[in-house]
Ligand SMILES: Cc1ncc(C[n+]2csc(CCOP(=O)(O)OP(=O)(O)O)c2C)c(N)n1
Ligand SMILES: Cc1ncc(C[n+]2csc(CCOP(=O)(O)OP(=O)(O)O)c2C)c(N)n1
Ligand SMILES: [Mg+2]
Ligand SMILES: [Mg+2]
């Protein structure tokens, strides 16, 4: 592997991943609202329409149920569609197709059919888009057997997980947090596929485990930095594969640190964070020196004004406070 | 309160509750697919069409998004609709309306509007209806701020919670587990409203807490009986109000028993059971003598054959086993 | 029912070559379905079949007529009332019956039961228990065919009740917008469970609904297998020629209750009896007999053969095995194989 | 664009009494909207307004024309491009601007911002950021009115892009099936974000879509405030008389980008310029001036008044306060008040 790096953004990394997939496999195409001529709501697919044409960069009408279902059908029919649902908020309109068709067909057909489909969606809050445009529903999708769920947070993962998802014979839901698109950084020029099977330890530490994913990763790393300044060595785990969850990595960390806090932008009740906490309870209870904490969003529809949105979402100070609470200091 | 009782079924108790509401308040009406001339998919509203007429027992086309949204609008317009979504499986088609409108309007309008709506739906598995007709999504709904979620399991609650839900100024989702409709029992003749605010202790015990709701309540009570035969005194808590959760009742029980198992027909990952476990972790960790266990459905689309369906769902033997595991015997 | 359909597209030229063997084939197929369904009703009472069971009796002409126009490489998307489609598509009666029983030898390994018949070999993409839920899938299958340059057609069956769903609307628009090879077949049996068409649709002429997406549409007598076959042939020829989707509304009736739980409070016995007089089997059989194509004896012989086939299917299902519970989680994901 | 609409329903008898005061009212309303929108664009650049901001410039004639037909007891359901509807409905510019800022003095307490303007007093049921999401609500509001015996109308605005959503289909069917008092107003500005109508609809004549639910529908020049007002009056009169829903398609154009993030790669500058020549304000103003109803001076005076109103609104918003974070969870449920 080369060590030459290029400066790039998360958005560009996703775009490169899409191009790569389109180049590698004729069966791959991108379909969704305004992915083509408009260039994508978050400009992810900008330029691709000119490069690949209207068949492979396929604009759809406003019909989330229809085109998501069509993606499922096309996948069963031999294609490898990337369906873009503009944001997770609109995916509620396609949920029946995802839960009742994509997730079930393999099992209920006795293994005759499978659905090699990737559904990408932007998720999360932070852009003052208010109550109907700020959902974090990764945890919901993570509840459904038959689908896989991933949430790349780093440039490497944004660049590398899409291809693995497309190679997976089963439907994969891929979340891109809206606050990540503009993140800049260095990426090795020949960055390759990243498997969609496990969590990643983003920072090693022994005093406590901070477990997170997606949009909260960098807040959590910032919190770890702040804690380090105070002599607290936090380990930061990026779950990144939300279904199936990588229990081994989580438990290994907890067995070492004996304390954990989970950071998740979802509303607290019924969150993915709750699931991780329950699993630690089940698998590492005797290792715990303190209850596992959660830092989640306030249980309110996310409001428009910045100060209220900030208050509603997990912030670095909340993570630091929860970490201290877990450590009793 | 009279002690005279009548023999009735869960189905009849729900029907009586609906009649009662229709009689008490001219603004109440029932709307949904086949609630009228057909008499309801599960015969809940049988006879009501003749009694109350087509305006108040309103058959709808197959348009879950449309008529659920219309229920929200009608509630804002001064009515008190009971929307019946035939089963939770089809509610995915209405989820956008529920999550993006019903749950948000009060908050995002700054308190100007509210949505006094009740949505009833049949839920759960056990009738060999296979992968698309066996969902248990109470936990999903429980995740959403702005709505309330209830799951009456007993005749008293089926009879009494609907009225409280209708009196609530905010949207309430009411789940009726399909395996409960035929349950028979005694109900006091003048059974009245049941508040939708708290859990109920269905059986007192000190050795461990079995926490459940809805369709699993009677399996759990059977398990408690079996455990009792072995000298284990299990306390059985029926959550019945799934949002907001009644933490006080749960923690009081755990503080007494120091051990808990949660029984939930939802798929384990991301289940309501996980949330309850996480809360016990947060609020009663130091009281625990053993990790909190979960008995949930296997993480598979529910298959059609009886033996596989049984295997997929929580059974009495699973509950007993989990209880023993929690007790270390 | 409402006015005549807005557009007619059957070109008589496209009418299939009609001969005695073909006539007997059609009759046999319809009889097979009817017998299968009636036997399923009995088996349900005997609790051999469980769950929801939706029977196709009365609507046989639709599945049988339409399937004649399909080639093996074409695809089929059906509903939860799909035994007729499955049999007409060539799924063997024994594996179908084993599926009704939930046996491992069933066409979906017993996992699906009555509402979820799947068969990869025959490109039979299910049984779907969500009303309208199969329609976007059909659009996608057709999209895949078009993108891959296959001259294949996807036939998509659904009831008139499904026409009220958003999925219907979105699917028809996509299919026409992208000129996809879908044959939409609306089985208008006048009721969605207990809801009569006029109480679910402001426009009760479903074929006109299709026309407003600019999809050429046609309303047919759903009790006339020959008319349906002819129309399907014509429509499929146009689709295969790249003409985009076509829509057939077949006006029919279900002779039985919606499912085995239905007391049928919503319709008159007299109405049912009147429709039973239009039975597609009786009608076709009389016609064949009157035309001298079929003798009473032959009908008897065919019926006897079907009875034997059905007995064998039941024996097959009875002899079938239960999937071991250890395999419950198999095929949730591909890796689990 | 496609052929002329299939059904016309404006009765000239229903045309509103037209006088000078009313003409000036219409002009002023349109100008207020335009000025508000253009100032919002600036405020967005200054980062006073955040989130998504969708401007109504070019489409003023629709909101202003339709609102003339509504009484205070009627209801309005709008979209995320709803500043125009809000102003035309009588929501004060200052509380609207405070909402843009997210201030507590905003009409939705600052909680909603640009996409979620609500006003109970004016029965303004929002701003909805889910395309098509308001349509079922409008059906329900109308249902409530009908069941309560109110002769009220609910006006429901949506873009032509929404016509592809299932919610559109389900809502129109319900409204006509139940004969509900809804005025559906399609603001056809030819694009849904970057998607031109012909790439989202197989039938590009939206008014014909409505007709296929049997809803009387009409296509209008969306740049002609008088034509819209007249059509709205006629339609509302028919609705109020119990005639069920009506549908107006107003063919218009948005002069600005979809939102503030839109580079407009999907349309030609020339196309935009051509449409700007049809500007509803310019057109109406010229007509008034030519007819001698309005002098240049008067226009100047009105504009100055509006500028003052806007300055005051901005001052009001600037002076507004932030809701305390302690109140974040207020109004999630009623009990939390
Ligand atoms: C989305 C959805 N809503 C409701 C149901 C329950 N349901 C099953 S069949 C049916 C009626 C469908 O009628 P139609 O489409 O006319 O088909 P038919 O049964 O007459 O063949 C209903 C309401 C369902 N399966 N899916
Ligand atoms: C269900 C849904 N899908 C996608 C979006 C993103 N989106 C916002 S506005 C818009 C275009 C809507 O076009 P149209 O209905 O014509 O209204 P216009 O913006 O032209 O006024 C899209 C795709 C959304 N808000 N809701
Ligand atoms: Mg039907
Ligand atoms: Mg538009």
Shape descriptors of chain C over alpha-carbon atoms, Rg and Dmax in angstrom, are 19.3, 59
Mean shadow of segment A:200-326, computed from the convex hull of its alpha carbons, in nm²?
-> 7.2
Once the Cα atoms of helix A:217-229 and of chain A are each reduced to a long axis, what angle between those two axes, in degrees from 0 to 90 to the nearest 10, is obtained?
-> 20
Relative packing of peptides C:315-327, B:226-238, D:88-100 - highest average C-beta neighbours within 10 Å first = D:88-100, B:226-238, C:315-327
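Which percent, to the nearest 5, of DSSP beta bridges fully inside segment A:5-188 are antiparallel? Intermediate values should be presented prior to the final figure.
Details: 5 of 27 bridges.
Antiparallel bridges make up about 20 percent of those DSSP assigns within segment A:5-188.
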Helix A:272-284 sits at what angle to the longest principal axis of chain A, using alpha carbons and giving 0 to 90 degrees rounded to 10?
-> 60
Scaled to the compact-protein estimate 2.2 N^0.38 Å, what is the alpha-carbon radius of gyration of segment C:164-263, rounded to two decimal places?
-> 1.14
Return one quarter of the surface area of the convex hull spanned by the alpha-carbon atoms of chain B, equal to its mean projected area, in nm².
-> 16.8
Hypothetical label at residue B:230: residues of segment B:267-291 whose amide nitrogen lies under 12 Å (7 Å Cα-Cβ projection) | none
Once every DSSP H run of n ≥ 4 in the protein assembly as shown is given -39500 (n - 2.57) and the sum is divided by its residues, what mean residue ellipticity at 222 nm do you get, rounded to the nearest 500 deg cm²/dmol?
-> -11500 deg cm²/dmol
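Using the Kirkwood radius built from alpha carbon pairs, what does the Stokes-Einstein equation give as D for the protein assembly as shown at 4 °C and 1.567 mPa s, in µm² per second? Don't skip to the answer; put the middle values down first.
Numbers: Rh = 31.9 Å.
This corresponds to a translational diffusion coefficient of 41 µm²/s.
Among B:257, A:123, rank each residue by its count of other Cβ atoms within 10 Å, from fewest to most, as a rough exposure measure.
B:257, A:123
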With label points built 7 Å along Cα→Cβ from the Cα atoms of residue A:50 and residue A:204, find their separation and express it in nm.
-> 4.7
Kindly put D:195, C:45, A:3 in sequence by how many other C-beta atoms sit within 10 Å of each C-beta, fewest to most.
-> A:3, C:45, D:195
Return an integer: the convex hull volume of the alpha-carbon atoms of segment B:187-226, in Å³ per residue.
-> 104
Antiparallel %, DSSP beta bridges [both residues in segment C:20-306], to 5 = 10
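When A:135, D:22, D:116 are ordered from fewest to most other Cβ atoms inside 10 Å of their Cβ, what list results? Could the numbers behind the result be given before it?
Working: A:135 27, D:22 13, D:116 31.
Ascending number of Cβ neighbours within 10 Å: D:22, A:135, D:116.
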Estimated inter-spin distance, residue B:19 and residue A:283, nm [label 7 Å along Cα→Cβ] = 5.3
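Quick one: of the DSSP bridges fully inside segment A:200-326, what percent are antiparallel, nearest 5?
Working: 3 of 15 bridges.
So the antiparallel bridges amount to about 20 percent of the total.
Go ahead and run the numbers for FRET between residue D:71 and residue C:308, Cβ-Cβ distance against an R0 of 60 Å, rounding to 0.05.
Working: r = 74 Å, r/R0 = 1.23.
Efficiency for this residue pair is about 0.20.
Mind checking the mean number of beta-carbon atoms from other chains within 10 Å of the Cβ atoms in A:54-61?
Working: counts 1, 4, 1, 0, 3, 8, 8, 16.
If you average over the peptide's residues, the count of other-chain Cβ atoms is 5.
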Using 1/(1 + (r/R0)^6) with R0 = 60 angstrom and r between the beta carbons of residue A:3 and residue B:26, what's the FRET efficiency to the nearest 0.05?
-> 0.20
Would you mind checking the tilt of helix B:10-24 against the longest principal axis of the Cα atoms of chain B, expressed as 0 to 90 degrees and rounded to 10?
-> 40
State, to one decimal in nm², a quarter of the convex hull surface area for the C-alpha atoms of segment B:149-260, i.e. the direction-averaged projected area.
-> 7.2
Compute from the Cα atoms of segment A:1-121 the Rg and the Dmax, the latter being the longest Cα-Cα distance, and quote both in angstrom.
-> 15.2, 48
If you find the alpha carbon centre of segment B:16-58 and of segment C:227-243, how far apart are they in angstrom?
-> 45
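None of the figures in this text is laboratory data; all of them are computed from the coordinates on show. From a predicted model like this one, the values you see are computed outputs, not experimental measurements. No Cβ is skipped: glycine too gets one built from the backbone with ideal geometry, and neighbour counts run over all protein chains shown.
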